[in-house]
Amino acid sequence: MKNIDVRGLSCPEPVIRTRTALKNLPQGETVSVLVDTVTSRENILRAISSLNCDVSVEENAGEFKLIITPKA
């Protein structure tokens with residue numbers, strides 16, 4: 001699993017880093033993205049909605065962990 005921590009970064013940086021990680025991801029791997037704002041979470045979810053990925057979101061103390069798995 002590739003881990004990306006984009007907490008504290010302003011958009012569009014979290015989206016750019018997430019898309020770059022997905023583009024370079026070996027087949028069968030998963031990306032975990034840590035964000036600290038609802039805006040970043042929503043922007044990433046919108047950006048990857050057309051990329052044929054499964055996404056789960058976990059919330060913990062105001063931070064979010066997005067687990068993104070590209071479908072084969």
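The values are calculated or read from the model by the stated rules, or taken from the named source; none is laboratory data. Quick caveat: nothing in here was measured; it's all calculated off a predicted structure. No Cβ is skipped: glycine too gets one built from the backbone with ideal geometry, and neighbour counts run over all protein chains shown. Note: accessible area is taken over every heavy atom of the protein model, side chains too, but ligands, DNA and RNA are not part of it. Shrake-Rupley method; radii C 1.70, N 1.55, O 1.52, S 1.80 Å.
Listing for the model above:
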read-out	value
Residue list for region 17-27, filter: surrounded by 14 or more Cβ atoms within 10 Å (Cβ to Cβ) and in a loop (DSSP other than H, G, I, E, B)	25
Residue 9 of a type outside the set (Asp, Glu), open to solvent by 50 Å² or more (accessible area, probe 1.4 Å) and in contact with a Lys or Arg (Cβ under 7 Å, 6 or more places away or on another chain)	no
Test: residue 34 is surrounded by 11 or more Cβ atoms within 10 Å (Cβ to Cβ), assigned to a strand (DSSP E or B) and modelled with pLDDT of 95 or more	yes
Residue count for region 57-66, restricted to those that are in contact (Cβ under 8 Å) with a residue 24 or more places away in the chain and at positive phi	1
Considering residues of region 37-56 that are open to solvent by 70 Å² or more (accessible area, probe 1.4 Å) and closer than 19 Å to residue 1 by Cα only, the residue farthest from the chain's Cα centre (by Cα)	52
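Okay, residues lined up against (1) among the β-branched types (Val, Ile, Thr); (2) assigned to a strand (DSSP E or B); (3) touching a residue at least 60 places away in the same chain (Cβ under 8 Å):
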| position | (1), (2), (3) |
| --- | --- |
| 15 | yes, no, no |
| 29 | no, no, no |
| 42 | no, no, no |
| 46 | no, no, no |
| 55 | yes, yes, no |
| 68 | yes, yes, no |
| 72 | no, no, no |
